[in-house]
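Here the structure is laid out as structure tokens; the discussion comes afterwards.
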Amino acid sequence: MPATEIVPETLASPPMSVDEDYERTVRDDIALFGRQVEAHLAGEITADQFRAIRLRRGIYGQRQAGVQMIRTKIPGGMVDAAQMEQMARVAEEYGGGRAHLTTRQNIQFHFVPLGKVPELLERLADVRLTTREACYNTVRNVTCCPMAGLLPNEVFDPRPYARQVALAFLHRELTDNLPRKFKIAFTGYPEDTMVGAIHDIGLRALIREEGGERRRGFRMVAGGGLGPMPNEAEVLDEFVPVERLVNRCEAVIRVFARYGNRQNKNKARMKFIIRERGFAWFKDAVEGEYREILANGGIPAPEMVPEGFGGFTRRPSAFGTGATLPVVSSNGHRDPDYERWMASNVRAQQQPGFSAVTVKLSQGNLSALQMRALAGLASSAGDGFLRLTIDQNFVLAFVATGNLKRLYASLKQGGLAEGGAGEIDDITTCPGAYSCNLALTKSMNLGEALAEAVRGYDDPGVRKLSIKVSGCPNSCGQHWIADIGFYGNARKIGGREVPYYLMMLGGGYDASGVMRFGLTVQSVPARLAPEATRRVLSHYVSHRQASESFRDYVVRHRVELFREMTADLAKPAELFPEIYKDWGDETDFSLQLGRGECGV
């Protein structure tokens, strides 16, 4: 942990008993799951009985029979180099040499045979990583801003509190069988860097002056969510003092557990309670649960966290010297790629002489070799940690500014030095029909096609836009909050199935800080989605007003204009063989859906 991270005294030095208790709980659960796997494979536990058992452990069925997707929780989005090195081994031995970063700071492995899963879980536990409650009707991975502790305008570092909340609700009876999934996000900055508005609980750091003292706390919003019917969270508390944070979160979770719809999965998220009963009722219900917790006790707020949990360490801070980075000679020639990388991927830290570097990935996909390279660079050039972003990238922090050119050279050797992090060709997608039972289309392949289609734009107004793609309406790719969003669907043309995507425009926060969901334009064939995007961007470049946001531009021109602009694509007069194929496929599209075990 960098020396600059401010940690409450009670969380600073956990005794070994905390580590041992955590270790025993995790190992006992893996052993139990191993016995349950054997019983299932022997036919003693049915598939329906086994489903909840494995989902609680972060293990999803795939559309491919006999293999699983394993989701590893990364509390607060932070791992150390040894944990990343171990995940590289896991990818090599169990996941075909590949891994995937999600929009919730998880790392996933695909195509793992069920019989190998307990062994894989043991490998993760060896470095204090867990998959427990990364799926199912649970409190999912607690996310935190990857720039926590790094940038000048931070109110305070929220990482210790994110870890505390994550640990408090792990392996709890209340939180592992909720009506539906439950998501919590933290940021330490005045702006909502973690889109708390789309979470069940969003927490933003605040300092309040009381009696001449500065008190830490969080502004809490509640009730957000995406899916087919998005909802923006509302303010529940303007200020929750840090010492009551776990209590207040538990009160919200209790209301959800008590009143959530357990009969209809499509209306089971907490946002539907608020829609049906109103936010005033919801707030009163939370107050009632909160008073009961204060009077009679609830889930205790952990005073300590175990070594390795969410990147926590008791070891003294040590920053890499860069000694193993390649030597770079200056030949006096400009390198436009390096200059672009410096402009888009590198940010000066609040700590003088250090920079935070974003490593851009293609839609969160990376190889075991790249994972191993990043682990090495975290140790040799940074502070020994890797931070995951919700845009499916990594951040290396505490890189000495004088080592940036050498770090770039090393990243380039591993195919990890692409510029444009956070720009329009840094596209977010879910895995889609690559593995997911619910997905209709292969969203990652469309992501690659869209990245290629927009890569040539150098207009600054276009470069700062975002594109997000989901393979179905459930919004695991967060298409609702993108400037340009797509989600997969299907239609028939001449009796033949064709993969389509619904285009949405103008999502994201507006200038006043209100979350705006994208406006629905219309569906276009998958193969024509890049062309639809190019048309919108060309019109935007030609017709936007000075200082006008993309959302304001879309609203000013109205959805009807964009529907007319893409009408010939939605119903193409001339068909071509590729229109019947999804991106990346050689065979014609066929709609295939399995049982949903949904969602990021």
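Taking the inverse of the average 1/r across all pairs of different Cα atoms in the range 10-125, what Kirkwood radius in Å do you get? Don't jump to the answer; show the numbers that get you there.
Values: mean 1/r = 0.0653 Å⁻¹.
Kirkwood radius, the range 10-125: 15.3 Å.
Quick one: net charge around S367, please, counting Lys, Arg +1 and Asp, Glu -1 for every other residue with C-beta under 11 Å from its C-beta.
Working: positive: R98, R372; negative: E92.
Local net charge: +1.
Using θ = phi - 60° and the Karplus curve 6.51 cos²θ - 1.76 cosθ + 1.60, what whole-Hz ³J(HN,Hα) does each residue of the range 523-537 get, with Gly and Pro shown as x?
Values per residue, Gly and Pro as x: 8, 10, x, 3, 5, 9, 4, x, 5, 4, 5, 4, 5, 4, 5 Hz.
How large is the helix-only mean residue ellipticity at 222 nm for the chain, computed as the sum of -39500 (n - 2.57) over DSSP H runs with n ≥ 4, divided by its residue count, in deg cm²/dmol to the nearest 500? Spell out each step's value before the answer.
Details: 17 runs with 199 residues, N = 600.
The helix contribution divided over the chain gives -10000 deg cm²/dmol.
Which translational diffusion coefficient, to the nearest whole µm²/s, is obtained for the range 413-518 from the Stokes-Einstein equation, given a Kirkwood hydrodynamic radius over C-alpha pairs, 4 °C and 1.567 mPa s?
Values: Rh = 14.5 Å.
Calculated translational D: 89 µm²/s.
Can you compute the label reach from H539? Point 7 Å from Cα along the Cβ direction, backbone N cut-off under 12 Å, restricted to the range 563-591.
563-569
Quick one: if you stick a label point 7 Å off each Cα along the C-beta vector at F111 and T46, how many nm between them?
3.2 nm
Students often get this wrong, so check it: of K442/K464; K116/K581; K181/K468; K183/K442; K468/K571; K405/K464, which have C-alpha atoms separated by over 27 Å? Mind showing how you got there, number by number?
Working: K442/K464 25 Å; K116/K581 34 Å; K181/K468 22 Å; K183/K442 25 Å; K468/K571 23 Å; K405/K464 24 Å.
K116/K581, as the Cα separations exceed 27 Å there.
Give me the number: length gained by fully extending T401 to S317, i.e. 0.36 nm times residue separation minus the C-alpha to C-alpha distance, one decimal in nm.
Details: separation 84, 0.36 × 84 = 30.24 nm, distance 1.80 nm.
The span from T401 to S317 would gain 28.4 nm if fully extended.
Take the Cα coordinates of the range 410-473, assign each an equal point scatterer, and use the Debye formula without solvent to give log10 I(q)/I(0) at q = 0.15, 0.16, 0.25, 0.28 Å⁻¹.
Relative scattering, expressed as log10 I(q)/I(0), comes to -0.54, -0.60, -0.99, -1.07.
Put one equal scatterer on each alpha carbon of the chain, apply the Debye formula with no solvent term, and list log10 I(q)/I(0) at q = 0.09 1/Å to two decimals.
-0.71
What is the fewest-to-most order of T175, T428 by other Cβ atoms lying within 10 Å of their Cβ? All intermediate terms of the calculation are to be shown ahead of the outcome.
Numbers: T175 23, T428 27.
Placing the least packed residue first, the sequence is T175, T428.
So how many Å³ per residue does the convex hull of the Cα atoms of the range 324-428 work out to? Please list the in-between numbers first.
Details: hull volume 10.4 nm³, N = 105.
That works out to 99 Å³ per residue.
Ratio to report: Rg/Rh of the range 173-296, with Cα atoms as the point set and Rh obtained by the Kirkwood method; give two decimals.
Rg divided by Rh gives 0.98.
For the range 46-124 and the range 358-423, what is the centre-to-centre distance using only Cα atoms, to the nearest Å?
First find each Cα centre; the distance between them is then 22 Å.
Coordinate-derived values only; no laboratory data. All values derive from a computational prediction rather than experimental measurement. Because the Cβ atoms are built from the backbone with ideal geometry, glycine has one as well, and the counts that use them run over all protein chains shown.
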